[in-house]
Amino acid sequence: MDNSRDVLVTGLADLGVSATEQQIDLLLAFVRLIEKWNKTYNLTAIRNREEMLRLHILDSLAVLPFISGENIIDVGTGAGLPGIPLAIFMPDVEFTLLDSNAKKTRFVQQAVLELKLENVEVVHSRVEQLKRAGEFDAVLSRAFASLHDIMQWTDYLLQAEGVLIAMKGQKPVAELEQLERVYSVESIVVPGVDAERCVVRINKS
């Protein structure tokens, strides 16, 4: 028996995220798309649907309370994470999903079409080659590199009052000590995931 809906509904409740039936259906459809494309595109090493829901969907939505702004770029989105789950729950926010891997952006574009997400743009590019300076209120990243490196690569994308929102595992103490900007760190608990998680918000100015 497929328990995926129960896992998702319970996990959302544990996160304190209220969801409509349509939003739940969209998240489940998204996971099914990942499973389908995973067979040929190798989008994620995770193959178990319930694990995908916990480690990809609930992990992405755990950052919801820390998102601000109307124009957000998800750098290194991979299979559309966390951008697509967040876009489903923030329909009034414009999301740009960026990745340098053409196979992954092809998948994300298809997912956006099939899920009919009108607030998502998919871009295939390296972050340093994206000519959109000062366009975004927030840069979002499931931190693929050190905070210092992510800041160096993405800073130009932010407007003056913008913020970098980095999703990390354990609190990156050594990386934080190198920062010369105002920042905040919040621990997050992802339902069903026995691992440390935190969100680092770094102000541009």
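Neighbours of residue 198, meaning other residues whose beta-carbon lies under 10 angstrom from its beta-carbon, give a summed charge of +1 when Lys and Arg score +1 and Asp and Glu score -1.
Using C-alpha pairs under 8 Å with a sequence gap of at least 6, the mean separation divided by the residue count of the chain gives a relative contact order of 18 percent. Near residue 168, which lysines are there with a Cα under 21 Å away, not counting those fewer than 8 places off in the same chain? Cα-Cα hits under 21 Å: 204. Among the aspartates and glutamates, select those whose C-alpha is under 16 Å from the C-alpha of residue 131, and discard any that sit fewer than 8 residues away in the same chain. Candidates past the 8-residue exclusion: 74, 99, 121, 155. Qualifying trypsin sites (Lys or Arg not before Pro) in the range 7-85, where qualification requires a DSSP coil assignment and no more than 13 other C-beta atoms within 10 Å, comprise 47. Each other residue within a Cβ distance under 10 Å of residue 60 adds +1 if Lys or Arg and -1 if Asp or Glu, for a net charge of -1.
Of all complete DSSP H helices in the chain, those with a Cα span along the helix axis of 20 Å or greater and a mean Kyte-Doolittle hydropathy of -0.5 or more are 21-41. At q = 0.08 Å⁻¹, what log₁₀ I(q)/I(0) does a Debye calculation on the Cα points of the chain give, no solvent, two decimals? Cα-only, vacuum Debye calculation for the chain: -0.25.
In plain terms, the chain from residue 184 to residue 35 could stretch by 50.1 nm, reckoned as 0.36 nm per residue minus the Cα-Cα distance.
Once you sort the root eigenvalues of the Cα gyration tensor of the range 78-167 as a ≥ b ≥ c, which label holds: rounded (a/c under 1.5), prolate (a/b larger than b/c) or oblate (the other case)? Verdict is prolate for the range 78-167. Karplus-derived 3J(HN,Hα) values for the range 77-87, using 6.51 cos²θ - 1.76 cosθ + 1.60 with θ = phi - 60°, are 5, x, 8, x, 10, x, x, 5, x, 5, 5 Hz; glycine and proline are entered as x.
Taking 21, 94, 161 as the candidate residues, the one with maximal mean-square fluctuation in a Gaussian network model of the chain, Cα springs under 10 Å, is 21.
A short reminder: the numbers here are calculations on the coordinates, not readings from a lab. Quick caveat: nothing in here was measured; it's all calculated off a predicted structure. Here Cβ is always computed from backbone atoms with ideal geometry, including for glycine, and neighbour counts include all displayed protein chains.
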